[in-house]
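J.: Structure below; questions to follow.
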Amino acid sequence: MGFFSRLFKIREQDPASPDTTWAMEDNGSELVLDAEYAATLMVEIDIDAAITSHERWRLQLQDMVNGRSNEVMRPERICQSDRCDLGRWLHGTGRLRLGHYPAFDMLVARHKYFHQQAADVVALFQAGEQQKAAMLLNSSCRHASNQVLLLLKELKRGLGR
């Protein structure tokens, strides 16, 4: 079981049972969702679509750095992590429903960091620093992207989908 699955995991334990190892009021390490609540969250965000959109962004950056795209990207917009579909959910409904869990803040932070790195890649490329842009894309930007994808996949698995 993955790290995020432990944090975003549907748990069905009887609070009155002596086998229960957690209490709802002090459950900061795991997100306890009943099936109905998890289904509501899945309706509010299509995690598969968020994953696909994020992967598409990464490919657009790769195409730009490799000279296969004429698309004009604006770093000042790209760095705004609350503008994409996932960002709007993370800063809106997602924050309202899951924001009190530490793992949620980790996803928000990794998503923001990816946007910052992506904006830096574009800025370097547009400044004529193609080699530096490629190095950044293939290092910290790729790492941040992979973390966002991993956390989204773990969230999906934790919601039982």
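J.: So, of the residues in region 137-161 that are crowded, with 16+ Cβ neighbours inside 10 Å and of a type in the set (Ser, Thr, Tyr), which turns out to be farthest from the chain's Cα centre (by Cα)?
T.: Ranking the qualifying residues of region 137-161, first place goes to SER140.
J.: Another one. Take the residues of region 63-76 that are open to solvent by less than 40 Å² (accessible area, probe 1.4 Å) and touching a residue at least 40 places away in the same chain (Cβ under 8 Å): which is nearest to MET135 (Cα to Cα)?
T.: Ranking the candidates gives VAL65 first.
J.: Looking at the structure I just gave you, is GLU55 touching a Gly at 6+ places or on another chain (Cβ under 7 Å), in a helix (DSSP H, G or I) and open to solvent by less than 80 Å² (accessible area, probe 1.4 Å)?
T.: no
J.: Out of the residues in region 65-87 that are assigned to a helix (DSSP H, G or I) and modelled with pLDDT of 90 or more, which is farthest from the chain's Cα centre (by Cα)?
T.: In this case the residue turns out to be VAL65.
J.: Let me ask another. Hey, can you tell me all the residues within region 88-103 that are without any contact (Cβ under 8 Å) to a residue 40 or more places away in the chain and assigned to a helix (DSSP H, G or I)?
T.: Matches in region 88-103: ARG88, LEU90, HIS91, ARG95, LEU96.
J.: Let me ask you something else. So how many residues does region 104-136 have that are of a type in the set (Gly, Ala, Ser), farther than 13 Å from MET73 by Cα and open to solvent by less than 20 Å² (accessible area, probe 1.4 Å)?
T.: Residues flagged as of a type in the set (Gly, Ala, Ser), farther than 13 Å from MET73 by Cα and open to solvent by less than 20 Å² (accessible area, probe 1.4 Å) within region 104-136 amount to 1.
J.: Which is over 17 Å from MET64 (Cβ atoms) and without any contact (Cβ under 8 Å) to a residue 40 or more places away in the chain, of ALA127, ALA109?
T.: ALA109
The values are calculated or read from the model by the stated rules, or taken from the named source; none is laboratory data. Because the structure is predicted, anything quoted here is derived from the model rather than measured. Cβ: placed from backbone, ideal geometry, glycine included. Neighbour counts: every protein chain shown. All accessible areas refer to the heavy atoms of the entire protein, side chains included, with ligands and DNA or RNA removed. Shrake-Rupley method; radii C 1.70, N 1.55, O 1.52, S 1.80 Å.
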